[in-house]
1. For the range 1-97, what class follows from the C-alpha gyration tensor (a ≥ b ≥ c being the square roots of its eigenvalues): rounded when a/c is under 1.5, otherwise prolate if a/b is larger than b/c, else oblate?
2. With the convex hull built on the Cα atoms of the range 202-290, state its orientation-averaged projected area in nm².
3. For a quick protection proxy, order the peptides 227-237, 196-206, 61-71, 149-159 by their average other-Cβ count within 10 Å, most packed first.
4. What do the square roots of 5 times the Cα gyration tensor eigenvalues come to for the range 52-191, in whole Å, largest first, as semi-axes of the equivalent ellipsoid?
5. Gap in Å between the Cα centre of the range 280-327 and the Cα centre of the range 154-173?
6. Quick one: Kirkwood hydrodynamic radius for the chain, alpha-carbon pairs, angstrom, one decimal?
7. Could you tell me how many degrees, from 0 to 90 and to the nearest 10, lie between the Cα long axis of helix 99-119 and the main elongation axis, the longest principal axis, of the Cα atoms of the chain?
8. Give me the Kirkwood hydrodynamic radius of the range 72-129 in Å, from all C-alpha pairs, to one decimal place?
Ligand code: NAD
Ligand code: GDC
């Protein structure tokens, strides 16, 4: 059972200047939604995608750490669908070194829930994470895929995972106590074009693409891999994520947190091989054993999403990585040319990445407005970071 489709219904995407939010906005425009609001604390020139035909609230007008801003965003938008993706987050290099900043995202979640409750919304979607799962279930690279019940007893990822688990509970209690129709998905590592690929917040798929292309373009045919490369993950392509978010949000009766992730388990070494094949290079591998590693193994058990939705994310990793590599290469070449100027980010250097900017220059050059539903730009057109 899915809620009625009304293309005049207000759609509010919090974190719309970010990776997943930007794609979600694009998808609503493609479907013909007329009343879409995209909110992000970054000024518009820092957004990955800025879409025409949308109310774009960036900078201080989009800073959801401020309750007044949350209320202004919701004002006059009773009956909206709210997609809460705004968070201060990143890959392992960021979340292991910025625990307090990750936990402060609780303010965004709390205040957006309060503002949504005050006006009355149709749905409140919350983007949780596989980082909520109990660490004891992820101690082996040959991991048993995580089922939804494996979040308890609670022993999530320190900092970021605790915040996500707490905010999941808050969604539940707002639903039970106040009737706010909250829905929660636990994303497993999402990748694709128009996401962070440098600066310290990037996750493994984008980082590995960048490192491989940097080796290729500089001719220094080696790669530094964090950990020993045997750690395993599953990676979900962005289009699958966007589809899943909407299915979960629109469901009338299924309200519990649910996995949204691929079940194609790979080691980080295999991920590197995929990127090497795309680039047509073979690199000498150096392993940095003291780098942030996170859990030894993590995979998504998709039994529940298959049962309830008759579907699961299914883009093959090699296909999604080829599209991701192509987009990042366009960005990389536009910014660094031959790649000789590129300096790898040091994840211990907190001063640099708290704004998502790396050593390679602070000015992100974002894409100008892209028409709704336009495919991610290729090498020449895209200017986003
Ligand atoms: P992202 O960093 O690209 O996007 C998040 C956006 O939130 C950023 O643009 C940021 O500027 C914005 N933001 C931060 N603080 C804000 C504030 N105070 N007010 C308004 N906007 C603010 O990240 P993403 O990959 O698009 O992730 C979206 C959501 O999905 C996040 O909640 C994240 O925790 C969750 N998630 C993502 C992944 C993944 O692999 N990408 C995995 C699990 C969960
Ligand atoms: O950063 P991430 O993709 O996050 O890292 C996956 C694995 O890849 C880690 O073991 C990491 O050490 C390894 N790795 C090897 N080299 C590199 O250059 C690199 N950069 C990065 N980033 N990793 C490298 C993520 C969280 C997210 C989110 C998802 C949910 O954890 O960071 O915020 O919530 O999980 O699934 P990962 O998968 O550990």
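Laboratory data are not the source of any read-out in this text; all were calculated from the coordinates shown. Remember, it's a predicted structure, so these values are computed and weren't measured experimentally. When we count neighbours, we look across all protein chains shown, and the Cβ atoms used for this are built from the backbone with ideal geometry, even at glycine.
1. On the way: a/c = 1.68, a/b = 1.46, b/c = 1.15.
Prolate is the answer for the range 1-97, as a/c is 1.5 or above and a/b outweighs b/c.
2. Working: hull surface 28.5 nm².
For the Cα atoms of the range 202-290, the hull's average projected area reads 7.1 nm².
3. On the way: 227-237: 21.6, 196-206: 25.3, 61-71: 17.8, 149-159: 16.2.
Ranking, from highest mean packing down: 196-206, 227-237, 61-71, 149-159.
4. Values: eigenvalues 160, 61, 33 Å².
After diagonalising the Cα gyration tensor, the semi-axes are 28, 17, 13 Å.
5. Cα centroid to Cα centroid, the span is 23 Å.
6. Numbers: mean 1/r = 0.0479 Å⁻¹.
Here the Kirkwood hydrodynamic radius works out to 20.9 Å.
7. The angle comes out at about 30 degrees.
8. Numbers: mean 1/r = 0.0803 Å⁻¹.
Kirkwood hydrodynamic radius for the range 72-129: 12.4 Å.
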